[in-house]
Every structure is written in C-alpha cells, then in structure tokens.
Amino acid sequence: MIARIWHGKTKATDADRYRDFLIDRAIPDYESTEGNQGVHILRQVQGDEADLLTITFWESTEAIERFAGEDIEKAKYYPEDKDFLLEFEPTVVHYEAFIKP
C-alpha cells in the first residue's frame, strides 16, 4: 500500500469553509477512484493560518495515476482551491504504508 501526502495552508478564517469543500468535493473524488483505500485529513490551526495534511492510501502506483495523472509526484488541485489556499506546493510525497493484517 502507498500513502500519498499533500500539504496545504489556508487562512484560519477560511479553515472551516475549506474543510466543508474537502468533505463535499475532494474526498468523494479520492474515494471514487478505483484503488483508493482511504482518506484522512489532518488540520492544525495556529494563529492566523491552518495547516492541512491530506493522507490518502492507494493499492498501487497505477491507482494513484488514475487519480493524479501520469506524474504521480505532482500535486492535484481543484479550481476551488484558488479561493482558499495561501500557496500551491507543486509536489506530494509518497510512503510505503504497512498495515498489520
């Protein structure tokens, strides 16, 4: 299994609206992709900013390609992200994920 990790940052005042967007739009997109094994989103609000980590789990690199395209290292953004994000990190990171059977 492969964990795909994306980092994003919003204004603290936008954190709840961005959470709602993720729940309504992004999470269903992840979950509808064949080979997705799960989605977890972590948020930490500190001062004026909110940091987010999206951790998705995939059965293979081919499954990630179905979601992200041929260059699986490239971050995938939605048009709505421009309304929330303070920066657009160009890449994500991948880790081999081990889960106890």
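The values are calculated or read from the model by the stated rules, or taken from the named source; none is laboratory data. These numbers were taken from a predicted model, which means no experiment stands behind them. All Cβ positions, glycine included, derive from the backbone under ideal geometry; neighbour counts span all protein chains shown.
Would the stretch 58-66 turn up any residue that is surrounded by 12 or more Cβ atoms within 10 Å (Cβ to Cβ) and under 19 Å from Tyr18 (Cα atoms)? For the stretch 58-66, residues surrounded by 12 or more Cβ atoms within 10 Å (Cβ to Cβ) and under 19 Å from Tyr18 (Cα atoms): absent.
Return a yes/no flag: does the stretch 9-24 have any residue that is assigned to a loop (DSSP other than H, G, I, E, B), touching a residue at least 12 places away in the same chain (Cβ under 8 Å) and out of contact with any Leu (no Cβ under 6 Å at 6 or more places or on another chain).
Of the stretch 9-24, the ones assigned to a loop (DSSP other than H, G, I, E, B) are none.
No, there is no match, as no residue in the stretch 9-24 is assigned to a loop (DSSP other than H, G, I, E, B), touching a residue at least 12 places away in the same chain (Cβ under 8 Å) and out of contact with any Leu (no Cβ under 6 Å at 6 or more places or on another chain).
Filtering the stretch 1-17 to residues that are under 13 Å from Val39 (Cβ atoms) and not β-branched (Val, Ile, Thr) leaves Ala3, Arg4, Trp6.
Scanning the stretch 38-46 for any residue that is under 12 Å from the mean Cα position of the chain (by Cα) and at positive phi turns up at least one such residue. Against the definition (closer than 16 Å to Ala26 by Cα and hydroxyl-bearing (Ser, Thr, Tyr)), how does Thr91 come out, yes or no? No, not satisfied. Residues in the stretch 69-101 that are exposed (fewer than 14 other Cβ atoms within 10 Å of the Cβ), outside any strand (DSSP E or B) and of a type in the set (Asp, Glu): Glu70, Asp71, Glu73, Asp83, Glu87, Glu89. The set of residues from the stretch 50-82 being without any contact (Cβ under 8 Å) to a residue 12 or more places away in the chain and more than 19 Å from Ser32 (Cβ to Cβ) comprises Glu70, Asp71, Lys82. Checking Arg25, Arg17 one by one, the residue that is at pLDDT below 95 and touching a helix residue (DSSP H, G or I) at 6+ places or on another chain (Cβ under 9 Å) is Arg25 and no other. Can you tell me which residue is farthest from Gly69 (Cα to Cα) among those in the stretch 26-44 that are surrounded by 13 or more Cβ atoms within 10 Å (Cβ to Cβ) and touching a residue at least 24 places away in the same chain (Cβ under 8 Å)? Filtering the stretch 26-44 for residues that are surrounded by 13 or more Cβ atoms within 10 Å (Cβ to Cβ) and touching a residue at least 24 places away in the same chain (Cβ under 8 Å), the one farthest from Gly69 (Cα to Cα) comes out as Arg43. In the condition set (1) part of a strand (DSSP E or B); (2) over 12 Å from the mean Cα position of the chain (by Cα), Arg66 is compliant with all but (1).
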